[in-house]
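Just below is one structure, and these are the notes that go with it.
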2 protein chains.
Amino acid sequence: MLDERKQKILKAIIDDFIITAEPVGSRTIARKYNIGISPATIRNEMSDLEEMGYLEQPHTSAGRIPSDKGYRFYVDFLMKLRKLTPEEIKNIKDVSLYKKINGIEELLEQTTKVLSQITRYTSVALGPQLKKTTLKHLQLVPVENKRVLMVIVTNSGLVEHKLLSLPKNVTESDLERVSNIINDKLSGLAIGDISDDVISNVKKEIIGFSSDVFDMAIEFLLKNLQIYTDSKLFLYGTTNIFNLPEFRDIEKARNFLSILEDKELLCEILSNSFMSKDIVITIGSENKYQEIKNCSVITTTYKINGKTIGSIGVVGPTRMEYSKVVSIVRFLSENMSQLISKILNN
Amino acid sequence: MLDERKQKILKAIIDDFIITAEPVGSRTIARKYNIGISPATIRNEMSDLEEMGYLEQPHTSAGRIPSDKGYRFYVDFLMKLRKLTPEEIKNIKDVSLYKKINGIEELLEQTTKVLSQITRYTSVALGPQLKKTTLKHLQLVPVENKRVLMVIVTNSGLVEHKLLSLPKNVTESDLERVSNIINDKLSGLAIGDISDDVISNVKKEIIGFSSDVFDMAIEFLLKNLQIYTDSKLFLYGTTNIFNLPEFRDIEKARNFLSILEDKELLCEILSNSFMSKDIVITIGSENKYQEIKNCSVITTTYKINGKTIGSIGVVGPTRMEYSKVVSIVRFLSENMSQLISKILNN
DNA sequence: GTTAGCACTCTCTTATGGAGAGTGCTAAAA
DNA sequence: TTTTAGCACTCTCCATAAGAGAGTGCTAAC
């Protein structure tokens, strides 16, 4: 473990580097952060810290920059959470005043926008995951001859619809019968759990008393139920990275933006936070995916009816203002959960 | 008007510049494009073309580059439409094989993806505009106590839904009555035409025989009808610009990407093509909006049931491969219209 | 254990001097 | 009158060099 003086020096270096983005030298530390020792002593300590893996040196005669291990120590033990400014709080609170918020998706859109604006990084959110919710109600609405609208309502108040084309005409009462059977058999199941097995069981029962039109209809319906498992992605502030010196290199910027274009990758990254209760901070090489090994990700989850259903977070360079971002993400996630229950229960 | 030799030279310069992105000199033209005159003569002609506004010179001792006026002349009179390669055709046709295409939005998503991949520019599409379609059917589905699901079906087979929370409980038969009145009064109207006037007219009739709960319910419904007018935007290949030398300057790239983040601006830009029957090419300063005055946009529309309902296109530098992109966009838009009618009528 | 002094290293910026590409002009050729 | 060859001139781009600046590591003294 690091002794107190080493910790102080490490903290000073990281704090400074987060602000300046320049390698930090011993003189700077001695001058700006009065620890009461001379640059020479600091140099010795820095040399130790480098050997222990907390710092790195871009080249021989440069100052030090934090390694991922250094950031990890900083995040776990050293940083002091920054209080939100009144302005930041106002911005987050104001999300609820935005007139277009009529559902969770509008809320997410506004929230990611605010998140990127006040952090000045790129924000990402994963929409409510249908497969994590349970089926509450399924309704079949006749539209015209062979067209039927399937509406799914889940226990978290989410609604999805799908327009189906059946191979033959089906009467309204037939539709109602199918609805009833499905509701009877499947409601209460998590949508992700509606497997082929379950489906073929339901199918068997229906065969007992119905025509083959009926049979085809339900098969089609059930097949579609399963497709509805990919969730929407919200993204904001992608161009914020151009303010950061680490992305002044066009190839770095390109690489970063390529990540943001890869929806699947982003979903995977965001899903990581589903396990944890609170905020998840992933620093550089700690990321599972090669593409973002020089980025840090800070995510948290949001809940509907007490159940974790999606996540939201920030992507940026490893030199991230962790203290600020963590505070903001935490506050914003609390605010969001409140707003969600307000939206769903008003 | 330009004489034939000037046209030949202009075409050669633009063709060359589109490939190389370097100012084109008289010697290059004489060597690569055998027009049968010496560099000196070409220089004189180039000087004329510059004076007439078709060419520009980055600095005294550089070759010439096309001006926006030059590109306009090229696009209108000089360029030969390039035939699609078998591979390009295959890529476009294969859109229909993608398994997830169950509706217009999935189709648009796949199509923009393919468009950006084969053009190597950024592709954009505007989703079906609800306000341009007419209301066919409105259904109110009871979900639980005060919750009601409103489903809108339009004449183009588009469906939208919205979960409403009513201030008081409403019985199922009341809901049905409201549905009937709304369908009676509003179906057949373009959704964009459902104005406050129309709404208050409907409201008056309802007041005649219904309670105030009823009144509030319908007001709420109708207010929501109008919100449903902003349409979805599809974007793909934003990072393609990093392959282009004109965006090697970080500020240029940033500016371009900022445009793509401004959804409203993109919608406006794409809406421009709604007037025209065919493909619309907008070159650099021809653009209405300051932000994209150094970009070119090539768009076309797609139809549902013969009615223009959305648009799709490509955004790139003014030095765009117009000939290639126009061919691709045209073919792709035809293909799309076919697929749409297949999706809606299968 | 801590500090001052100093030589050394590496980057970054600025200046310099061709090389290269292309033009415009002039005068000769067609 | 139109076209072309020749040539001086201009501007960019690139490589090289030099010097400033920042910071280190080491040694020896405190």
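Could you tell me how many of the residues in the stretch B:308-336 are free of Cβ contacts under 8 Å to residues at least 60 places away in the same chain and farther than 19 Å from B:Leu235 by Cα?
Qualifying residue count for the region: 1.
Which of (1) away from DNA strand C (no atom under 16 Å from the Cβ); (2) within 18 Å of B:Ile9 (Cβ to Cβ); (3) open to solvent by 30 Å² or more (accessible area, probe 1.4 Å) is the odd one out, the single condition B:Lys93 does not satisfy?
(2)
Among B:Glu87, B:Glu160, B:Glu176, which is under 30 Å from B:Gly237 (Cβ atoms), outside any strand (DSSP E or B), open to solvent by 10 Å² or more (accessible area, probe 1.4 Å) and not basic (Lys, Arg)?
B:Glu87
Filter the stretch B:4-14 for residues that are away from DNA strand C (no atom under 15 Å from the Cβ) and either under 36 Å from the mean Cα position of the chain (by Cα) or within 14 Å of another protein chain (Cβ to nearest Cβ) (or both) and give the result.
Of everything in the stretch B:4-14, those that are away from DNA strand C (no atom under 15 Å from the Cβ) and either under 36 Å from the mean Cα position of the chain (by Cα) or within 14 Å of another protein chain (Cβ to nearest Cβ) (or both) turn out to be B:Glu4, B:Gln7, B:Lys8, B:Lys11.
Between A:Glu106, A:Glu50, which is out of contact with any Phe, Trp or Tyr (no Cβ under 9 Å at 6 or more places or on another chain) and either within 14 Å of chain B (Cβ to nearest Cβ) or more than 12 Å from DNA strand C (Cβ to nearest atom) (or both)?
Checking each option against the conditions leaves just A:Glu50.
From the residues in the stretch B:288-307 that are surrounded by fewer than 19 Cβ atoms within 10 Å (Cβ to Cβ) and in contact with a strand residue (DSSP E or B) (Cβ under 9 Å, 6 or more places away or on another chain), which one is farthest from B:Thr239 (Cα to Cα)?
So, considering only residues that are surrounded by fewer than 19 Cβ atoms within 10 Å (Cβ to Cβ) and in contact with a strand residue (DSSP E or B) (Cβ under 9 Å, 6 or more places away or on another chain), the one farthest from B:Thr239 (Cα to Cα) is B:Lys303.
Within the stretch A:245-283, can you find the residues that are in contact with a helix residue (DSSP H, G or I) (Cβ under 9 Å, 6 or more places away or on another chain), part of a loop (DSSP other than H, G, I, E, B) and touching a residue at least 12 places away in the same chain (Cβ under 8 Å)?
Matches in the stretch A:245-283: A:Asp262, A:Asp278, A:Ile279.
So A:His59 fits all but one of (1) within 21 Å of A:Arg319 (Cβ to Cβ); (2) open to solvent by less than 60 Å² (accessible area, probe 1.4 Å); (3) within 16 Å of DNA strand D (Cβ to nearest atom); what number is the exception?
(2)
Look at the stretch B:20-35 and say how many of its residues are away from DNA strand C (no atom under 13 Å from the Cβ) and either of a type in the set (Phe, Trp, Tyr) or farther than 23 Å from B:Arg82 by Cα (or both).
Residues in the stretch B:20-35 being away from DNA strand C (no atom under 13 Å from the Cβ) and either of a type in the set (Phe, Trp, Tyr) or farther than 23 Å from B:Arg82 by Cα (or both): 1 in total.
Checking A:Lys100 against (1) modelled with pLDDT of 95 or more; (2) part of a loop (DSSP other than H, G, I, E, B), which test does it fail?
Failing condition for A:Lys100: (1).
Are there any pairs, at least 6 apart or on different chains, whose C-beta atoms fall under 8 Å, with the first in the stretch B:38-64 and more than 15 Å from B:Thr28 (Cα to Cα) and the second open to solvent by 30 Å² or more (accessible area, probe 1.4 Å) and more than 9 Å from DNA strand C (Cβ to nearest atom), and if so, which?
B:Glu50/B:Glu56; B:Gly53/B:Lys69; B:Tyr54/B:Lys69; B:Leu55/B:Ile65; B:Glu56/B:Ile65; B:Gln57/B:Ile65; B:Pro58/B:Ile65
Could you identify the single residue in B:Phe73, B:Phe17 that is outside the structural domain of B:Asn294 (by TED's automatic domain parsing), within 28 Å of B:Ile118 (Cβ to Cβ) and away from DNA strand C (no atom under 16 Å from the Cβ)?
Within the list B:Phe73, B:Phe17, the selection yields B:Phe73.
Please state which one of B:Ile298, B:Ile281, B:Ile304 is at pLDDT below 90, of a type in the set (A, V, I, L, M) and within 21 Å of B:Thr111 (Cβ to Cβ).
B:Ile304
Within 14 Å of another protein chain (Cβ to nearest Cβ), more than 22 Å from the chain's Cα centre (by Cα) and not in a loop (DSSP other than H, G, I, E, B): which single residue out of B:Gln139, B:Gln117 fits that description?
On inspection, the qualifying residue turns out to be B:Gln139.
Kindly provide the set of residues from the stretch B:18-36 that are in contact with a helix residue (DSSP H, G or I) (Cβ under 7 Å, 6 or more places away or on another chain) and within 11 Å of DNA strand D (Cβ to nearest atom), ordered by number.
B:Ser26, B:Arg27, B:Ala30, B:Ile35
Kindly check whether there is at least one residue in the stretch B:72-94 that is within 12 Å of DNA strand D (Cβ to nearest atom) and touching a residue at least 12 places away in the same chain (Cβ under 8 Å).
No, the stretch B:72-94 contains no residue that is within 12 Å of DNA strand D (Cβ to nearest atom) and touching a residue at least 12 places away in the same chain (Cβ under 8 Å).
Being within 16 Å of DNA strand D (Cβ to nearest atom), among the hydroxyl-bearing types (Ser, Thr, Tyr) and surrounded by 19 or more Cβ atoms within 10 Å (Cβ to Cβ) narrows it down to one residue among A:Ser67, A:Ser47; which is it?
It is A:Ser67.
Is it the case that A:Ser26 is over 22 Å from A:Gly284 (Cα atoms), without any contact (Cβ under 8 Å) to a residue 12 or more places away in the chain and not assigned by TED's automatic domain parsing to the domain that holds A:Phe331?
Criteria not met by A:Ser26.
Only residues that are of a type in the set (Val, Ile, Thr) and modelled with pLDDT under 95: list them for the stretch A:30-60, please.
A:Ile35, A:Ile37, A:Thr60 - these are the residues of the stretch A:30-60 that are of a type in the set (Val, Ile, Thr) and modelled with pLDDT under 95.
Would you please name the residue that is least open to solvent (accessible area, probe 1.4 Å), looking only at residues in the stretch A:18-39 that are assigned to a helix (DSSP H, G or I) and out of contact with any Lys or Arg (no Cβ under 8 Å at 6 or more places or on another chain)?
That would be A:Ile29.
The values are calculated or read from the model by the stated rules, or taken from the named source; none is laboratory data. Owing to the predicted nature of the structure, the values given are computational and were not obtained by experimental measurement. Counting neighbours? That spans all protein chains shown, and the Cβs are built from the backbone with ideal geometry, glycine included. What goes into the accessible areas is simple: the full protein's heavy atoms, side chains included, and nothing from ligands, DNA or RNA. Shrake-Rupley method; radii C 1.70, N 1.55, O 1.52, S 1.80 Å.
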